[in-house]
Amino acid sequence: MIEKSCYYDPLIFSKEREIIFDSHWLFCGLTSEIPGRRDWKVIEYFGHSLILYNSGKSIRVFQNVCPHRFNKIFDDTRGRGVIVCGYHSWSFSEEGYLVGNQELEAENDKRPCLKEYPTEIIGQFIFVALKTPIQSIQKQLGKETVEILNTISLRLTKRIFEQSLDHCCNWKFIVENVIETEHCLSIHQDTLVKAGYCQNSPIISFDSSHDNSSFIVPFSNDNFGKKRNRFVSMLFGSENVNSNYQHHFIFPNLLISNFENINFNVSKLLPINAERTLFDMQFFIAPVITNNQGLIDEFISMTIQFGKEVFEEDKLFLERVQKGVKQIDHNGFHYKSATRIHKFVESYKKWMLNGKS
Amino acid sequence: MTENYFFEKFLEQFEESDLSQITIDSEFRSIEEWSSMMALVIIAMVDEEFGITITGDDIRKSVTIRDVYNVVAARKTAV
């Protein structure tokens, strides 16, 4: 078990930030969010405001702070254009160097530039290192996870919804919630269970030398499932559909749900403090093969509604759990069968005790 | 497409409900099995059987099975 104070103690949170988040490659976005040259997106990570920028040649991640007088450059979360600070109109090249201010450039030996963070891309997934990472992205993720990310990237063709849900709870409660299915029968009865996704036992898999884990839950092929197959095969083609629900946790902050290989949820956790976490999610559907726009639109509408309901159901309980953890005098219990949680706990403890996995 | 044929196809989508009291003028939401997913099943059935595209809004605005039939019939005539 994780010691209960780890879920609310600010000092432990600071240690986690240093030991876990500052030393890992962190998922920060998808290349399809900034598809064109000069497209940018801003995300906030542990007080770092980052610009994900498409330079036309590569994806770069800059600090969203002007090196001149420290103004925050972009206030919006997304846009397109040259990086220009509004305070003194300093503008920056696609490589992050100051342009158009010769006097200042001549006075300094070092040409001013935006701070740039190390960045790696796997498929569509962009990873950033807030400080110097202790290992390569391939070593951190492992071969299997790299393969999963590359494969899923090909299916993330149409983004249908995105939102950031502010959770008043510790980031680890969210991880522990999404990597087990035992709670589904209680709180997702009208959503995940009714849709046939969590009626069977999950088949759990680990990459033993890494901190990631996955499960596959075979889809229930009852009458409900058969009905669903009628429109699913019309939309996506039966050969493209897997009859299962897959979930992947990629340590420490990337969560992917894959429903039948036709709709996906890609989420990242942005811990704000020990008791608050931003759950940033995007829903996608795979390529459709029908021209029936009525069917496509209704499927998208149902998928969004479904996803929002599931997340709201979880949020309600996670915030109650956060309140409860401070009141109890022990560290709680986990099901023996919740082996993904045990794996997560083991990884978390290793990092916190030894600073490495 | 006859009214009866459409009604028959509509009811075929429901496999677990007692449909003995259901007529074409019944409110389809009163069928026990009805759910938001059934709207997709009906949209797919209309495409497959009649080659017509209807939308989720068409279903939401309809109350009885006849209302849905009227949407399909009107669209079929327009084609």
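A few points about this structure:
- The number of residues in region A:300-344 being more than 22 Å from the chain's Cα centre (by Cα), modelled with pLDDT of 95 or more and open to solvent by less than 40 Å² (accessible area, probe 1.4 Å) comes to 2.
- No other residue among A:Ile262, A:Ile204 is within 14 Å of chain B (Cβ to nearest Cβ) and of a type outside the set (S, T, N, Q) apart from A:Ile262.
- Total residues in region B:42-73, condition more than 7 Å from chain A (Cβ to nearest Cβ), under 11 Å from the mean Cα position of the chain (by Cα) and among the β-branched types (Val, Ile, Thr): 9
Residue by residue, here is whether (1) within 18 Å of A:Lys115 (Cβ to Cβ); (2) open to solvent by 30 Å² or more (accessible area, probe 1.4 Å); (3) among the hydrophobic types (A, V, I, L, M, F, W, C); (4) part of a strand (DSSP E or B) holds:
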{"site": "A:Glu18", "(1), (2), (3), (4)": "no, yes, no, no"}
{"site": "A:Ser23", "(1), (2), (3), (4)": "no, no, no, no"}
{"site": "A:Phe27", "(1), (2), (3), (4)": "no, no, yes, yes"}
{"site": "A:Ser32", "(1), (2), (3), (4)": "no, yes, no, no"}
{"site": "A:Lys41", "(1), (2), (3), (4)": "yes, no, no, yes"}
{"site": "A:Tyr53", "(1), (2), (3), (4)": "yes, no, no, yes"}
{"site": "A:Val61", "(1), (2), (3), (4)": "yes, no, yes, yes"}
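- Filter result (open to solvent by less than 10 Å² (accessible area, probe 1.4 Å) and within 14 Å of chain B (Cβ to nearest Cβ)) within region A:270-297: A:Ile285, A:Asn292, A:Gly294, A:Leu295
- Just so you know, in region A:241-273 the residues that are in a strand (DSSP E or B) and among the polar types (S, T, N, Q) include one that is nearest to the chain's Cα centre (by Cα), and it is A:Ser267.
- Only one of the numbered conditions (1) open to solvent by 20 Å² or more (accessible area, probe 1.4 Å); (2) under 20 Å from the mean Cα position of the chain (by Cα) is violated by A:Ser347, and that is (1).
- Applying the condition of being without any contact (Cβ under 8 Å) to a residue 24 or more places away in the chain and either outside any helix (DSSP H, G or I) or touching a helix residue (DSSP H, G or I) at 6+ places or on another chain (Cβ under 8 Å) (or both) to region A:140-199 and asking which residue is surrounded by the fewest Cβ atoms within 10 Å (Cβ to Cβ) yields A:Leu185.
- When each of A:Phe306, A:Phe311 is tested for being assigned to a helix (DSSP H, G or I) and within 13 Å of chain B (Cβ to nearest Cβ), the lone residue that passes is A:Phe306.
- The set of residues in region A:110-124 being surrounded by 14 or more Cβ atoms within 10 Å (Cβ to Cβ) and modelled with pLDDT under 95 consists of A:Pro112, A:Cys113.
- Residues within region A:200-222 that are open to solvent by 30 Å² or more (accessible area, probe 1.4 Å) and either among the basic types (Lys, Arg) or part of a strand (DSSP E or B) (or both), tallied: 6
- Residues that are assigned to a helix (DSSP H, G or I) and among the small types (Gly, Ala, Ser), drawn from region A:315-357: A:Gly324, A:Ser347
- Filter result (open to solvent by less than 40 Å² (accessible area, probe 1.4 Å) and within 9 Å of another protein chain (Cβ to nearest Cβ)) within region B:18-41: B:Glu33, B:Ser35, B:Met37, B:Met38, B:Ala39, B:Leu40, B:Val41
- When residues of region A:125-137 are limited to those that are under 18 Å from the mean Cα position of the chain (by Cα) and closer than 16 Å to A:Asn212 by Cβ, the one surrounded by the most Cβ atoms within 10 Å (Cβ to Cβ): A:Phe125
- Check on B:Phe6, outside any helix (DSSP H, G or I) and surrounded by 17 or more Cβ atoms within 10 Å (Cβ to Cβ): no
The values are calculated or read from the model by the stated rules, or taken from the named source; none is laboratory data. Keep in mind the model is a prediction, meaning the values are calculated, not measured. With ideal geometry, Cβ positions are generated from the backbone for all residues, glycine too; neighbour counts draw on all protein chains shown. Remember, those area values only see protein heavy atoms, side chains included, never the ligands or the DNA or RNA. Shrake-Rupley method; radii C 1.70, N 1.55, O 1.52, S 1.80 Å.
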